[in-house]
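Since every read-out is calculated from the coordinates, none of them should be taken as a lab result. Predicted model only: the values in this text are computed from it and were never measured. We place every Cβ from the backbone using ideal geometry, glycine too, and count neighbours over all the protein chains shown.
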Amino acid sequence: MKSLYAAGGDGHFVDRSVGKITDLEKGDQVADAVASAIEIIALIGVFAIPILMLFGALRNRRTATIVGGALALAGVVWYRSIGDWDQRQNSILDKWQIPVGDWVEQITIWVDLNMKETLAAIKWPFQTMLEIIVDEWLLGLSWMTVCLAAFFAGWAFRGLQVGVGSFLGLTVCGLLGDEYWKETARTIGFIAVAVILCVIIGIPTGVACGRVDGVWRIVRPVLDAMQVVHSFVYMLPFVFFFGVGFVSATMVTMVFALPPLIRLTNLGIRQVPEDVVEAARAYGASERRVLTDVQLPLARAALMTGINQTLLLAISMLGIAAIMGAGGLGRLLYRAIANQDIALAGSGGLAFFIVAVVLDRMTQPDDGDRTGLLGRIAAAWKNTRTPEELLPKGSDKPQVSVEEEDLDAIYQSLTPRERFAMRGATLGVIVGVIGLFLPWNKGAGFVSAYARNADHDLVGASFNGFAASGGSWFGFLILLSLLTVAFSIYATWKTPGQRSRWLGPDGAVIFSLTGLVVAVSALLASVPDEATQFTRSAGVYITFIGCLIASAGAVAWVWNAPMGARRPLASGIRVGRIFGLAFAVLLIVISGYSGWTFDTRAESVIGPELQLQLDAIQAQSDEAEALGDNAKVGSLAAEYTALIAKAQRTGDVIYDGYSNKGAGLGWLGLAVGLLALVVAIPASGFISQDEQFLYRWCSLVCGLGLGLLALGIAWVASISRVADPNLVSGVGAMFMAFAGITGGASVRATLSEFDRKQVYT
């Protein structure tokens, strides 16, 4: 395996992570320091400037754009100066590639090995309904019985005309032949099961989204992902877990067809006039009666439209269902295309068309007007009004103009305690940033140690918090967090309350805690056994102390800042917040037991038995080379390489988040998650319902959540920066990031309601 630091002919070492030459043997790190400084400047220009513009911290955006562009250009110039630009400009894509495929594979294998009973429980209702509806009813009944059932169903749902049309349509499908009828019955049953399950899940979820804003904020991005991602993407895991056939096809169809029903149900509930709902409550109706007697009846049109759209999307999935091994008319059409059978395509296409039309007509919403076009014209002619009568009512009402004295509002000025806390946070920022530039370690870095066979190459060399063999992206994320805290302090000091709410005391708490969690992770990350003669330097401890001081100052600041809610907050205990944090802790536990390091390097996957085989091949190769048999030498070399390649493909080594190979950050993430869960108790209103009290504790929860997110990102980005191509970060780090997103999102709604209090003159 090639080393990350490859020895050159003149005793230098090439750092493949950043493409520069460092004379580590002579201790000359001037070039490394200069390159790191330029790299940091480019990072600030590319990331920090747009973020600050988004937050509204910079008044002159033109100047900010020019400065940010100049800094980014400096980074590009530096990158081009290191040589071989044309050959290396795309090589960074392989160096920084995100191993999403490896993560999905790890998740799939883990679920298949550890959740067999759960998968069987999920599969049971789908399989049972398909057996009852398809095998026992539709295929077990005679052709004419099913046609008569369609007649009565159409008559009941949509009227006599639709009933007769449904009967005639299915009759034609039967007259096409027994094979076509069986596939038609399977198609109807498959669609019926998918739609029924979508209704069972979709309508209650849509009602919850329409009545609770927090549920809608959580469900909406999930629906966006379900609609944007192509069905081919999530088809494979279902096939892997549940096999080919109707069960997996029904599940994929549900994922594809469910979002419109939830969205339209949510829309229908929200469009019910608020005065009608309030009137029902004023007359003493319970929330259950308000839902069943007011909201659902008034939202009936939207519900029926959602069911109809879900049905049409389920019909459109018949082709993909055929690819997944399901029967039905989709299989006939798929076979007709593969064999270029025009007759089969014609008959199957006709049956497909009839089934789609029949099901669509049965589920269309009733507009309450079946008189036809001529009837509507006659009614309009009969009720013709004069132009004067068409004028809007109330147009002759007197126009009242009330001139009110404009009130000038100013935000409350800084208090002495607030100023003292801000000075403390500023001191922490300064100390933390200084620590980032100081040496973090000597010898091999705890992250880059995974990328080399031997670490004696770097003995005696020291690295700061930004170096590839130092803190890497741990240092970069700490820097961005501390800079955001600094801008929050500056913006509030100059113009209190006039900037983005992220540039205030709650923003300072959130980002200072983020930096603190990342600093602790860099301090406590386990060092692999291969990292010999490794020692941590003072820089990482100074950075940790700086982040700790900044966090303490920010917390004192938010506890003394005059912040108030924009509107009165709803009273009551936020139980959903506790459930959200509990789910985040569950994700952290899964993260710890999942892989954090995914290793397929040759020296990692070669076991004792394979090593004996390789030694035997090597001995034979030496004998053949001594005899001058070049053909046999080549054949043995190919066999040698093939065995190593097979071991790398099949002998994956995965280290979890609790082991030294996985950096041991799973324990830290679990501790931070449990702390966030404890902090969520006062943030949820169990101790006090005071608005200020909730706001302060919510900022702590959000900061810890964002810290978990940054922890996972730091590990993934650091490994991507320094690791060998056959060693990638595991999916456990992404589970940690998802846990952080869940924790932070649980308190976002409360934090968004608070601004600095105003004083009116």
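For this structure, a couple of remarks:
- With a Förster radius of 45 Å applied to the beta-carbon distance between Asp755 and Val244, the computed FRET efficiency rounds to 0.20.
- Inter-probe distance in nm under a simple model that places probes 7 Å from Cα toward Cβ, at Tyr490 and Leu523: 2.7
- Both radii come from the Cα set of the stretch 549-597: Rg as radius of gyration, Rh as Kirkwood radius; their ratio Rg/Rh reads 1.18.
- Using the Cβ-Cβ distance between Ala538 and Glu623 with R0 = 56 Å, the FRET efficiency computed as 1/(1 + (r/R0)^6) comes to roughly 0.50.
- Just so you know, the Rg over Rh for the stretch 106-366 is 1.02, from Cα atoms, with Rh as the Kirkwood radius.
- Label zone (Leu312, point 7 Å along Cα-to-C-beta; backbone nitrogen cut-off 20 Å) within the stretch 206-235: 224, 226-231.
- Estimated inter-spin distance, Ala149 and Gln692, nm [label 7 Å along Cα→Cβ]: 6.7
- Taking label positions 7 Å along the Cα-Cβ direction at both Ile545 and Leu139, the computed distance is 7.5 nm, reported to one decimal.
- Residues Ile109, Ile320, sorted so that the one with the fewest Cβ neighbours within 10 Å comes first: Ile109, Ile320
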